[in-house]
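As structure tokens, the structure follows; a few thoughts come after it.
What follows is calculated from the coordinates using simple rules that are stated; it is not laboratory data. What you see is a predicted model, and the numbers here were worked out from it, not measured in a lab. Neighbour counts run over all protein chains shown; Cβ positions are idealised from the backbone, glycine included.
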């Protein structure tokens with residue numbers, strides 16, 4: 001597929017990602033009630049740019065929280081306030097259901113997606129952003145970043161006529177559909193894994209009309225930047241860090 005070549009040295013220009021913590025990560029933010037949802041909030045007070053992060057189906061896992069902290073504070077020229085709402089009301093999908101290699105796991109996973117379909121969550125994102133903006137009026141510009149299931153939510157939100165975001169990122173997105181890209185007009189980055197449908201990713205890229213960065217991390221699994229990241233594996237940790245550096249570079253250019 002067609003991709004931009006990875007920029008291994010760009011972190012020296014705009015990013016200062018700290019060493020990735022493999023286990024026992026200590027979160028840097030705190031939890032607030034925003035828009036009726038428990039939300040992880042991280043980043044400096046007074047930031048004028050914000051990120052709404054749509055996590056994967058596994059909820060508040062250390063890898064996801066660490067990623068939010070990286071996004072909030074690692075760009076040397078621009079700090080972000082990052083908000084991670086809990087769409088699942090404290091009942092995320094158990095990691096034990098993956099891989100869904102039994103009929104029971106498949107049934108349970110299907111039930112979870114029926115309870116939390118991406119379109120129903122996408123409809124709630126603008127209202128959540130409104131609630132956050134009312135509490136943090138100093139934030140003037142917004143990006144949205146989604147992981148796995150959250151990547152599909154990002155596609156749906158940014159394809160809508162009422163899209164409130166200036167830039168978007170999808171990391172190892174689930175349910176990649178080129179038809180979604182037809183209506184997305186803002187800058188969008190997609191970081192795919194080896195497990196996404198390569199042809200769907202290619203067609204999605206070709207259909208996007210705005211600024212874009214589409215790259216496949218060809219030896220990483222679906223979830224390597226989220227809850228399924230094995231950060232004790234040196235290669236995974238390195239690509240996890242490079243993934244977040246890539247996101248930060250893209251946002252620095254378009255937000």
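Remarks
- The chain shape via C-alpha gyration tensor axes, a/c threshold 1.5: rounded
- Value of [θ]222 nm, deg cm²/dmol, for the chain, DSSP H segments ≥ 4, -39500 (n - 2.57) each, nearest 500: -11000 deg cm²/dmol
- Sites residue 115 and residue 182 - FRET efficiency at Förster radius 25 Å, r taken between beta-carbons, to 0.05: 0.30
- Spin-label pair residue 77-residue 48: with each label point 7 Å from Cα along the Cα-Cβ axis, the two points sit 1.5 nm from one another.
- Considering only alpha-carbon pairs that sit under 8 angstrom and 6 or more positions apart, the relative contact order computed for the chain is 22 percent.
- Within segment 32-70, backbone nitrogen closer than 15 Å to the virtual label 7 Å beyond the Cα of residue 21 toward Cβ: 41-43, 61-70
- Whole-Å distance, taken between Cα centres, linking segment 108-165 and segment 52-84: 15 Å
- Segment 83-215: C-alpha gyration tensor shape, a/c 1.5 cut-off, then a/b vs b/c: oblate
- Just checking the listed ones, 65, 52, 139: in the Gaussian network model of the chain with Cα springs under 10 Å, the one fluctuating most is 139.
- Choice from 149, 97, 224 showing the highest fluctuation, given a GNM over the chain with Cα pairs closer than 10 Å: 97
- Percent RCO, i.e. relative contact order, over segment 180-255, from Cα pairs under 8 Å lying at least 6 residues apart: 31 percent
- Residue of 22, 167, 229 that the Gaussian network model of the chain assigns the largest fluctuation, springs spanning Cα pairs under 10 Å: 22
- Rounded, prolate or oblate (a/c below 1.5 giving rounded, otherwise prolate when a/b exceeds b/c) for segment 141-255 by Cα gyration tensor: prolate
- Length-normalised contact order of segment 124-255 in % [C-alpha pairs under 8 Å, at least 6 apart]: 21 percent
- With each label modelled as a point 7 angstrom along the Cα→C-beta vector, the residue 162-residue 33 pair spans 2.5 nm.
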